[in-house]
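Chemist: Here it is, the structure, as structure tokens.
The values are calculated or read from the model by the stated rules, or taken from the named source; none is laboratory data. Just so it is clear, the model here is predicted, and its values are computed rather than measured. Virtual Cβ from ideal backbone geometry, glycine too; neighbours counted across all protein chains shown. Ligands, DNA and RNA are excluded from the accessible area calculation, which covers all protein heavy atoms including side chains. Shrake-Rupley method; radii C 1.70, N 1.55, O 1.52, S 1.80 Å.
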Amino acid sequence: MTVRAALPVVRTADTHCPYCALQCGMRLEEDAEGKVTAAPRGGGMCKKGWTSPELLDHPERLTTPLLHGEPVSWETALDHVAAKIRAVQAEHGKDAVGVFGGGGLTNEKVYQLGKWTRLALGSKHIDYNGRFCMSSAAGALNRSFGVDRGLPFPKEDLQDADVIVLVGANPAETMPPLMRFLTGAELIVVDPRRTATAEQAQLHLQPAPGTDLALANGLLHIAIEQGYLDHDYIKAHTNGFDEVRQTVAGYWPAFVERITGVSVPDLYAAARLMAGKKTAILTARGSEQHAKGVDTVTAWINLALALGLPGKPSSGYGCITGQGNGQGGREHGQKADQLPGYRMITDPAAREHVAAVWGVDPEILPGAGVSAVELLRKCGDEVKMLFVLGSNPVVSAPRAARVADRLKDLDCLVSFDFVMSETARLAEVVLPVTQWAEEDGTMTNLEGRIIRRKSLRGAPDGVHSDLWIMKELAARLDAPGTYSTDPESIFEELGRASAGGKADYSGVSYERLEEQTFQWPVPSPDHEGTPRMFADFKFPTPDGRAKFIAVDHRHPAERRDRSYPLYLTTGRVLTQYQSGAQTRLIGSLDGPDSEQFLQIHPDTAVRHGIGEGDWVRVTSRRGSYTAPARLTADIRPDTVFSPFHFPGAANANAAVSDVLDPISRMPEFKVCAVKIAPAAPPLTTTP
Ligand SMILES: Nc1nc2c(c(=O)[nH]1)N[C@H]1C(S)=C(S)[C@@H](COP(=O)(O)OP(=O)(O)OC[C@H]3O[C@@H](n4cnc5c(=O)[nH]c(N)nc54)[C@H](O)[C@@H]3O)O[C@H]1N2
Ligand SMILES: Nc1nc2c(c(=O)[nH]1)N[C@H]1C(S)=C(S)[C@@H](COP(=O)(O)OP(=O)(O)OC[C@H]3O[C@@H](n4cnc5c(=O)[nH]c(N)nc54)[C@H](O)[C@@H]3O)O[C@H]1N2
Ligand code: SF4
Ligand SMILES: [Mo]
């Protein structure tokens, strides 16, 4: 065997991983043959980070625009798209063209995309996949604390916590390098499955999916009964406790055990562990992706407030944001109802401020649009043309088959991507874009920390940036406003647009980011950022106090019954990312988890005549998918689990429900009723 001698390094860049919200620091090196490798800078990285450069020169990388699947020049593609926009809008009005964005896009892209939709398209219809992600936590944070920043403190603070409660979070698989900040504390993990994270916990509570709200109310009931409350804190820094006290009075431990399946002794043990200590309660998608996700997060915030935690060192409540720019992606105008800096599009003062920055009359700004799932539902009907960038909803949206049908009903679907995602496959026009290592920009990680993405090299031949496409199309539409391809000048404008808003970036510049990172708000150029929110127990609510909000348990939208006797819950595995559009192409991530599977309790499997590795059809009232069974006592007997990383016949989202939370419009990804039956293995075709 010959070992290839290391070639000289010709280029390096200090940047960050392209995937999740941890945004691990990454050093990229390119050798004389153009091969790029990644290594951590200081901290850790998971397998997805290490292998991320494989996509840069991947044979399936898109390098030419496609019109009806045929390669065309950029000129042809862009002229075609601009003509389509004009034709659709002339016939059906401005709002007939919509935009579906993503939480992995840089702040600069997100900001310009919101501006481009409102001004160049003149449409109200923009929303993004963050609706699928942390919108329930955002809704609850705004309601209780008056501001939505996922983690209100640096992740390092978690190292000094005594107790960390992980509610519906599996960071051992979804953010492995985060684990070292968590394991110094006693861990309580709340998850219907015994996950890699739960294995490291002192206490694992294993509730039925969709019952976390009852659990949190039950723990607060016990905290009151046992005298664990911080009455001085409640009195000085909050309001609304009396109503919450009355509500949770009904959540007797035995009643909560009946709803959740968590035993009364375990409930007492959890409450005792949390009381009187530096306790941090962190939620992620397991507790949030429900038709009552906002209320569920609220129940955990109520518990944190009653114990007097938010604002104290290494204590409080936080949401573990998921996507690379899941935090920044929700701040700069990509949400249907928001303008940059978390300003509401319906607020006249906000419209005036942003319109002045954009140099337009506030009158021309459209009003609020609709949330992601509702936008997809309108496709083919009120919305005739859709741009998708930074998301692959054909795989990742709930009730996926219907989503694909809606997209096929459009007059024109346009996809900006660097791989042929399942959504891009349905598009009339596919525009190939740059990847993270070919771009400059900023991302805002799960701590609200603004960091620099730095390019290693320029765009490959034939490829352009998302920013460039927006600019080119705006020119063809004679659009009002200015559009740039220079991330730094966009960031400077973003700073002005966000000034005075809750997520204020106005004090940050690329120059300052050379020296350090900043956690927002950063309201002036001499401001050092805000690592710890609420540190003085001041909350950005109208009266400066945090709000208790009484919330009651409701059952999942769909309950198990005789026809559909099991709960299906969904989530992630370590080696795949999201819809899998990127990671399914990366050969060195291949392994046991690169195919779909169904996690099922052995007792449940036996009752259905299913053995290890047997193919199973999982059917809900909406649709079905197939997967081989993995038998394990790590999951509740009433629940089965599959990841959502796989398309086609293996797509769990064919079965998942699109019922929405009334406030966040988050779909109920984490629980629906299904039945299972042995299935024939899928037919394999020979080449
Ligand atoms: N490897 C990998 N890492 C990722 C991603 C990825 O796709 N792959 N995606 C990134 C993104 S965008 C996100 S949002 C994060 C998500 O990060 P996590 O929230 O940690 O990931 P999930 O697997 O979706 O859900 C976490 C756990 O919730 C549990 N769960 C299911 N139903 C319930 C319930 O009703 N209650 C409770 N308490 N728990 C429940 C599941 O069993 C699962 O173990 O991960 C980020 N990191
Ligand atoms: N059943 C079930 N479904 C779920 C979830 C679940 O837990 N269960 N989780 C939900 C969650 S939390 C999330 S975040 C979503 C995620 O699911 P998606 O929204 O589908 O996200 P990705 O798979 O990351 O899709 C990103 C796409 O954009 C492309 N892309 C990446 N970066 C860029 C860029 O800078 N510009 C452009 N133009 N394209 C880019 C990628 O190649 C890929 O095709 O899935 C949701 N769906
Ligand atoms: S934990 Fe997240 S940011 Fe870090 S290397 Fe893995 S995917 Fe990338
Ligand atoms: Mo997410």
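Chemist: At 222 nm, what helix-only mean residue ellipticity would the chain give, in deg cm²/dmol to the nearest 500, using -39500 (n - 2.57) for each DSSP H run of four or more?
Modeler: Rounded to the nearest 500, it is -7500 deg cm²/dmol.
Chemist: 7 Å from Cα along Cα→Cβ at both Asp162 and Asp526: what's the point-to-point distance in nm?
Modeler: Distance between label points: 4.1 nm.
Chemist: With each label point set 7 Å from Cα along the Cα-Cβ vector, what nm distance links Leu203 and Ser73?
Modeler: Going by the 7 Å Cα→Cβ label model, 6.9 nm.
Chemist: Among all the lysines, which ones have a C-alpha under 16 Å from Lys384's C-alpha, if same-chain residues fewer than 8 places away are not counted?
Modeler: By straight Cα distance, Lys384 reaches Lys84, Lys94, Lys124, Lys408.
Chemist: Looking at the range 377-510 only, what percent of DSSP beta bridges run antiparallel? Nearest 5 please.
Modeler: Counting only bridges with both partners in the range 377-510, antiparallel ones make up about 25 percent.
Chemist: Then there's this: FRET efficiency for Asp461 and Ser509, Cβ-Cβ distance as r, R0 = 25 Å, nearest 0.05?
Modeler: FRET efficiency, Asp461 to Ser509: 0.20.
Chemist: Something else now. Once the cut-off is 20 Å, how many percent of the Cα-Cα pairs in the range 147-230 end up in the long-distance tail?
Modeler: 41 percent
Chemist: While we're on this one: Tell me, what is the per residue accessible area of the chain in Å², probe radius 1.4 Å?
Modeler: In whole numbers, the chain has 35 Å² accessible per residue.
Chemist: While we're looking at this one, here's another question. Given a Förster distance of 35 angstrom, what is the FRET efficiency for Gln516 paired with Ile364, based on the Cβ-Cβ distance and rounded to 0.05?
Modeler: 0.35
Chemist: Sticking with the crude label model, points 7 Å out along Cα→Cβ, report the distance from Glu374 to Arg621 in nm, one decimal please.
Modeler: It works out to 2.2 nm between the two label points.
Chemist: Same structure, new question: Step by step: find N for the chain, compute 2.2 N^0.38 Å, then divide the Cα radius of gyration by it. What's the final number?
Modeler: Against the compact-globule rule of thumb, the ratio is 0.93.
Chemist: If packing is taken as the mean number of other Cβ atoms within 10 Å per residue, what is the order of 166-174, 105-113, highest first?
Modeler: Packing order, densest peptide first, comes out as 105-113, 166-174.
Chemist: Could you give the spread of the C-alpha atoms of the range 125-279 along their three principal axes, from largest to smallest, in whole angstroms?
Modeler: If we take the Cα atoms of the range 125-279, the spans are 39, 39, 32 Å.
Chemist: So if each residue of separation counts as 0.36 nm, and I subtract the Cα-Cα distance between Val10 and Arg27, what length gain in nm does that give?
Modeler: Stretched out fully, the Val10 to Arg27 stretch lengthens by 4.8 nm.
Chemist: Then there is this: For the range 53-168, state the semi-axes of the equivalent ellipsoid (square roots of 5 times the eigenvalues of the alpha-carbon gyration tensor), sorted largest first and rounded to whole angstrom.
Modeler: Each semi-axis is √(5λ); the values are 39, 23, 11 Å.
Chemist: In percent, what relative contact order does the chain have, based on Cα pairs under 8 Å that are 6 or more apart in sequence?
Modeler: With pairs under 8 Å counted, the relative contact order is 19 percent.
Chemist: Considering Cα pairs under 8 angstrom that are at least six residues apart, work out the relative contact order of the range 123-215 and quote it in whole percent.
Modeler: 19 percent.
Chemist: How would the range 527-616 be classified by its alpha-carbon gyration tensor: rounded, prolate or oblate, with rounded meaning a/c under 1.5 and the a/b versus b/c comparison settling the rest?
Modeler: Note, shape of the range 527-616 comes out oblate.
Chemist: Still on this structure, I have one more. Going down the table (Lys155/Lys235; Lys292/Lys547; Lys292/Lys502; Lys109/Lys292; Lys235/Lys502), which pairs top 23 Å between alpha carbons?
Modeler: Lys155/Lys235; Lys292/Lys502; Lys109/Lys292; Lys235/Lys502
Chemist: At a 1.4 Å probe radius, which order do His92, His645, His68 fall into by accessible area, largest first?
Modeler: His68, His92, His645
Chemist: So how much slack lies between His555 and Arg476, counting 0.36 nm per residue of separation and subtracting their Cα-Cα distance, in nm?
Modeler: Computed gain between His555 and Arg476 is 23.3 nm.
Chemist: For the chain, give the percent of accessible area contributed by carbon and sulfur heavy atoms, probe 1.4 Å, rounded to a whole number.
Modeler: Roughly 50 percent of what the probe reaches on the chain is carbon or sulfur.
Chemist: Next up: Mind ordering 573-583, 364-374 by average Cβ neighbours within 10 Å, highest first?
Modeler: Highest to lowest by the protection proxy: 573-583, 364-374.
Chemist: Antiparallel DSSP bridges in the chain: what percent, to the nearest 5?
Modeler: So the antiparallel bridges amount to about 50 percent of the total.
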